[in-house]
1. Charges only on Cβ, +1 for Lys and Arg, -1 for Asp and Glu: so what's the dipole of segment 6-115 about the Cα centre, in debye to the nearest 20?
2. Based on the mean of other beta carbon atoms within 10 Å per residue, what is the order of 45-55, 245-255, most packed first?
3. Given a Förster radius of 25 Å and the C-beta distance between residue 38 and residue 288 as r, what FRET efficiency does 1/(1 + (r/R0)^6) yield to the nearest 0.05?
4. What lysines does residue 42 reach when the alpha-carbon gap must be under 17 Å and sequence neighbours fewer than 8 apart in one chain are set aside?
5. Pop the C-beta distance of residue 346 and residue 140 into the FRET formula with R0 = 51 Å and round what comes out to the nearest 0.05.
6. Summing +1 for each Lys or Arg and -1 for each Asp or Glu, what net charge is found among the other residues whose Cβ lies under 10 Å from the Cβ of residue 224?
7. Order of 186-192, 16-22, 59-65 by packing, highest average Cβ count within 10 Å first?
Amino acid sequence: MNNQKQYKILISGDELVELKRHAHEIPECPGLDKRIQKYQGKKPFLFTYHEIGWLVAVLDAVLTDPNGYPCVEYNPWKLEYVPVSDERCKTCKQLYDRLNEEEDKIVDLQQRKNNNTMDYDKMAITLTDSQRELMLKYESCFADHRLFRKISLAVKEGDDFEIYLDDEGLEDLMDQVSDFTNLEKDEGIQIQLDHLNDCLVEFYNDIFDDDGGDYFECSDETGAVCVVKVALAYSKKIWRNIAIQDGHTLHDLHNIIFEAFDRDDEHMYSFFFPHSGKKLNPRKIRQSSDEYTHPYACEDREMFDSGSEAHDASAVTIESLDLTEGQVFYYLFDFGDEWWHEITVEKIDGTADNEEYPRIIDRKGESPEQYPDPEEDEDY
């Protein structure tokens, strides 16, 4: 099960009151309680499957408490038990049933995908009859005979054929076709193989773009517009104003910041949302923030830092962060050179125009060199 994928669930009114009543800290879901307390019920809340499961478990414990239904008040803190016939308990049970139903739907969908004969992690690649026949002539030259077998058993769809490969299999096929071209002496067949390879490369580029490919499928160019001011933390006279839509992800924000400061080489990054305070202190920020990082860094925390908890930035939308005007958070680019940026939310819920998002709408100061000379580095 993909624990990073998010599911939209609208919770409002009395159900939201009961959710906030019982959404205390869940160690297995860092930051979920704070997100719920900030949630106003105006837009669907974005949960991961992991978070839904833990909320269902919490509400189940609440509803089966032998002392009755626990009514928790946090300000000032008090706890009282009321009969299970109380309307508040009925509302909580209604919310529990809804979340439980959503959890079952997700599991059912995953099971149906797993039971399907087509592997959902694989892509359908269309070959013309002549392209398939061309490759079948090179049976003895295939480095991996399983790849040849997939081509020979391709599914006929109309006048064409379809084979199903994952990203690694597609890369192997492109390499194999390139090898055939190098081996072939006939110029006419070389041209056919070159054309086939161009088709495969074009398909590959459509699926896996330069920004990291299939990691970033959560991004959606919809929703209200948020405007942020991104300043170099140690040289705030250099800043960029960026407009981004609610449906975009933090990875999209990283990409536009990368462009805004005229950088050339990609590196790992993280966004830090401090639990309190706005002043930048890298050590404290790392210790007491919700962190959203590059998906590669998220996969292997020990390789990139001490192994602390972090979320996949490509799976987190701007909308799900429930940003407020004036809120400050931080962006760290390049874990080696450590380019720290201070990001201030200047506007939320703006109306989108017909221009492209995200985009740079204002700027001040010249972008520093990504790898400045040590003597010049003092200014930044």
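1. 540 debye
2. Values: 45-55: 20.5, 245-255: 22.9.
Order by mean packing, descending: 245-255, 45-55.
3. Values: r = 17 Å, r/R0 = 0.68.
The computed FRET efficiency comes out at 0.90.
4. In chain and number order, the partners are 8, 20, 34.
5. Values: r = 64 Å, r/R0 = 1.26.
Efficiency, from the Cβ-Cβ distance: 0.20.
6. Working: positive: 43, 347; negative: 246, 319, 349.
That works out to -1.
7. On the way: 186-192: 11.9, 16-22: 19.7, 59-65: 14.0.
Highest mean packing first, the order is 16-22, 59-65, 186-192.
Since every read-out is calculated from the coordinates, none of them should be taken as a lab result. All values reported here derive from a predicted model rather than from experimental measurement. Because the Cβ atoms are built from the backbone with ideal geometry, glycine has one as well, and the counts that use them run over all protein chains shown.
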